[in-house]
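Novice: If you scroll down you'll find the structure; I have some questions about it.
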Amino acid sequence: MPKLDTFVIVGASLAGAKAAEALRSEHFAGRIVLIGDETRRPYERPPLTKGFLLGTADAESPFLHEPDWYATHDIDLRLGARVTEVDVRNRIVRTGAEAIAYDRLLLATGSAPRRFPGPGGDRENVLYLRSYDDSQRLSGVLRDGGHLTIVGSGWIGLEVAAVARQRGIEVTVVTPDSVPLGRVLGDQIGGLFTELHRSHGVDFRFGRRVRELRGGTRVEQVLLDDGTTVQTDNVLVAIGAEPNVDLAERAGLAVADGVLVDAYHRTADPSVFAAGDIANVDHPRYGTRIRVEHWSNALHSGPAAARSMLGFGTPWTRVPYFFTDQYDLSMEYAGRLTPGADLVVRGELDKRECIVFWTVGGQVVAGMNVNVWDVNDQIQNLIEAGFSGHRVDWARLADPAVPLAELLP
């Protein structure tokens, strides 16, 4: 009887679990070992800043599969296990004293939140939001009332601000930027989110950095770089994340803002692959490397890497996608914003019911639908057409009376 291969997945994350699921769906009959350092089975992260945090979703809602799913599909799920070494020469991963040999290895180790770099970051009410346990802890804090200071004005910071205000918490957001999300969406659309949050009572401190978190065992006062202070009960640090690449780097794999992989999610070692947050992919459509931390990327890149591990993968050409829900604003975003892109608005931006496009030379490079539904596939189709050189007339793109389908080639 021929020997069956062993595929090891390091990271019981969304990307890792979806890769394991895809391997079984593609009829891989060998051994699958899925290793995660958390004690909880794989889960999705969007609920952690939305319904789960708000208290409208139950405790099981973030989990990908029922508890017995892994055993039923003959997946050796190792929780609470930390991989200490990847030995690519001998094709072994080590977890403490145990060595597990592999034929193919997938790294899906995700990201970790950047820590507060200044004094006071070790106080007990300094919070982060990345894991299920983080969300549970933050949800408990938000039940207590008081004041929350959020350091950072990215997606996580704004989504938590919205939940906190809905739960009656006073919120101050401190950011060195002039508008939230300006680096991602530009100043005009960032201003949309400024007004949204201000209309719900959020206090923004723009152009400011936090110098120190002051207090005893708990932060009581946030000192800003202009000498002003914010009295607070809790602090959420939301200043971005760093890919967990230590294992890959120590294994000698190429690392630069993530693990470098080709369009098939392959590293330079033919037996090692990477997916999810850590994968810095050589994207054939964009002609450059792209690393994406959003849910959709993890959801789809895990299965894509799994198919490559099986030998029949296809180049990764997916357009980046993200969604958010804040108060009464729901939004989907697709594409990749190019510096200097022209902004085209279809609908009424001030009423938060519109589609926004970014174009370069008449080619659509990104699009965002705000409280307008069932159009994101068409937006992505316009972006796909742009890759082939298709140009769209601005006036027709901005006109809600012109169906998006008519703008396609």
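The values are calculated or read from the model by the stated rules, or taken from the named source; none is laboratory data. Please read these numbers as outputs of a predicted model, since none were measured by experiment. Reconstructed Cβ throughout: ideal geometry from the backbone, glycine too, with neighbour counts over all protein chains shown. Side chains are part of the model used for accessible areas, which takes the heavy atoms of the whole protein and leaves out ligands, DNA and RNA. Shrake-Rupley method; radii C 1.70, N 1.55, O 1.52, S 1.80 Å.
Novice: For the range 89-101, which positions are open to solvent by less than 40 Å² (accessible area, probe 1.4 Å) and within 24 Å of residue 18 (Cβ to Cβ)?
Specialist: 93, 95, 100
Novice: May I ask you to list the residues in the range 68-83 that are open to solvent by less than 70 Å² (accessible area, probe 1.4 Å) and over 14 Å from residue 42 (Cβ atoms)?
Specialist: Within the range 68-83, 83 is the sole residue that qualifies.
Novice: Another question, if that's okay. The conditions are (1) closer than 22 Å to residue 13 by Cβ; (2) among the β-branched types (Val, Ile, Thr); (3) out of contact with any strand residue (DSSP E or B) (no Cβ under 6 Å at 6 or more places or on another chain), and residue 93 fails exactly one of them. Which is it?
Specialist: Condition (3) is where residue 93 drops out.
Novice: Which number in (1) open to solvent by 20 Å² or more (accessible area, probe 1.4 Å); (2) within 23 Å of residue 54 (Cβ to Cβ) marks the one condition that residue 193 misses?
Specialist: Of the numbered conditions (1) open to solvent by 20 Å² or more (accessible area, probe 1.4 Å); (2) within 23 Å of residue 54 (Cβ to Cβ), the odd one out for residue 193 is (1).
Novice: Residues being outside any strand (DSSP E or B), surrounded by 15 or more Cβ atoms within 10 Å (Cβ to Cβ) and of a type in the set (Val, Ile, Thr): count how many of those fall in the range 210-233.
Specialist: Within the range 210-233, residues that are outside any strand (DSSP E or B), surrounded by 15 or more Cβ atoms within 10 Å (Cβ to Cβ) and of a type in the set (Val, Ile, Thr) number 1.
Novice: To continue, here is another question. Just give me the residues in the range 44-76 being closer than 30 Å to residue 330 by Cα and in contact with a Leu (Cβ under 6 Å, 6 or more places away or on another chain), in sequence order.
Specialist: 44
Novice: Restricting attention to the range 234-290, report how many residues are in contact (Cβ under 8 Å) with a residue 60 or more places away in the chain, surrounded by fewer than 20 Cβ atoms within 10 Å (Cβ to Cβ) and of a type in the set (D, E, K, R).
Specialist: 4
Novice: Modelled with pLDDT of 95 or more and out of contact with any Ser or Thr (no Cβ under 7 Å at 6 or more places or on another chain), is that true of residue 165?
Specialist: yes
Novice: May I ask you to list pairs of residues, at least six apart or on different chains, whose Cβ atoms are under 9 Å apart, with the first in the range 122-137 being under 16 Å from residue 159 (Cβ atoms) and of a type in the set (A, V, I, L, M, F, W, C) and the second being assigned to a loop (DSSP other than H, G, I, E, B) and open to solvent by 10 Å² or more (accessible area, probe 1.4 Å)?
Specialist: The qualifying pairs are 129/238.
Novice: Moving to a separate point now. If you check every pair at least six apart or on different chains, which have Cβ atoms under 7 Å apart with a residue in the range 175-190 that is free of Cβ contacts under 8 Å to residues at least 24 places away in the same chain and part of a helix (DSSP H, G or I) first and a residue that is polar (S, T, N, Q) and open to solvent by less than 20 Å² (accessible area, probe 1.4 Å) second?
Specialist: none
Novice: Determine, yes or no, whether residue 323 is in contact with a helix residue (DSSP H, G or I) (Cβ under 9 Å, 6 or more places away or on another chain), open to solvent by 20 Å² or more (accessible area, probe 1.4 Å) and outside any helix (DSSP H, G or I).
Specialist: yes
Novice: Now for a separate question. Looking at (1) farther than 17 Å from residue 131 by Cβ; (2) not in a strand (DSSP E or B), which is the one condition that is false for residue 32?
Specialist: Here residue 32 meets the rest and fails (2).
Novice: Say we look at the range 382-409 and pick out the residues that are loosely packed, with under 12 Cβ neighbours inside 10 Å and aliphatic (A, V, I, L, M); which of these is nearest to residue 362 (Cα to Cα)?
Specialist: In this case the residue turns out to be 395.
Novice: Scanning for something among the small types (Gly, Ala, Ser) and touching a helix residue (DSSP H, G or I) at 6+ places or on another chain (Cβ under 6 Å), does the range 308-316 turn up at least one residue?
Specialist: yes
Novice: Of all the residues that make up the range 343-355, how many are open to solvent by less than 40 Å² (accessible area, probe 1.4 Å) and either closer than 17 Å to residue 325 by Cβ or touching a helix residue (DSSP H, G or I) at 6+ places or on another chain (Cβ under 6 Å) (or both)?
Specialist: Residues that pass the stated criteria total 3.
For every residue, the table says whether it meets (1) free of Cβ contacts under 8 Å to residues at least 40 places away in the same chain; (2) of a type in the set (Val, Ile, Thr); (3) open to solvent by 40 Å² or more (accessible area, probe 1.4 Å); (4) closer than 28 Å to residue 5 by Cβ.
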site: 28; (1), (2), (3), (4): no, no, no, yes
site: 32; (1), (2), (3), (4): no, yes, no, yes
site: 44; (1), (2), (3), (4): no, no, yes, no
site: 48; (1), (2), (3), (4): no, no, no, no
site: 51; (1), (2), (3), (4): yes, no, no, no
site: 54; (1), (2), (3), (4): no, no, yes, no
site: 60; (1), (2), (3), (4): yes, no, yes, no
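Novice: While we're here: Do we find that residue 365 is of a type in the set (Val, Ile, Thr), within 21 Å of residue 163 (Cβ to Cβ), in contact with a Gly (Cβ under 9 Å, 6 or more places away or on another chain) and crowded, with 18+ Cβ neighbours inside 10 Å in this structure?
Specialist: So residue 365 does not fit the description; no.
Novice: Now for a different question. Answer yes or no: is there a residue in the range 335-342 that is part of a strand (DSSP E or B), in contact with a Phe, Trp or Tyr (Cβ under 8 Å, 6 or more places away or on another chain), open to solvent by 40 Å² or more (accessible area, probe 1.4 Å) and more than 30 Å from residue 164 (Cβ to Cβ).
Specialist: Checking the range 335-342: at least one residue is part of a strand (DSSP E or B), in contact with a Phe, Trp or Tyr (Cβ under 8 Å, 6 or more places away or on another chain), open to solvent by 40 Å² or more (accessible area, probe 1.4 Å) and more than 30 Å from residue 164 (Cβ to Cβ).
Novice: Can you tell me which residues in the range 156-178 are within 23 Å of residue 224 (Cβ to Cβ) and surrounded by fewer than 21 Cβ atoms within 10 Å (Cβ to Cβ)?
Specialist: 165, 170, 172, 176, 177, 178
Novice: So residue 104 ticks every box in (1) among the basic types (Lys, Arg); (2) buried (at least 20 other Cβ atoms within 10 Å of the Cβ); (3) farther than 21 Å from residue 276 by Cα but one. Which box is left unticked?
Specialist: For residue 104, the exception is condition (3).
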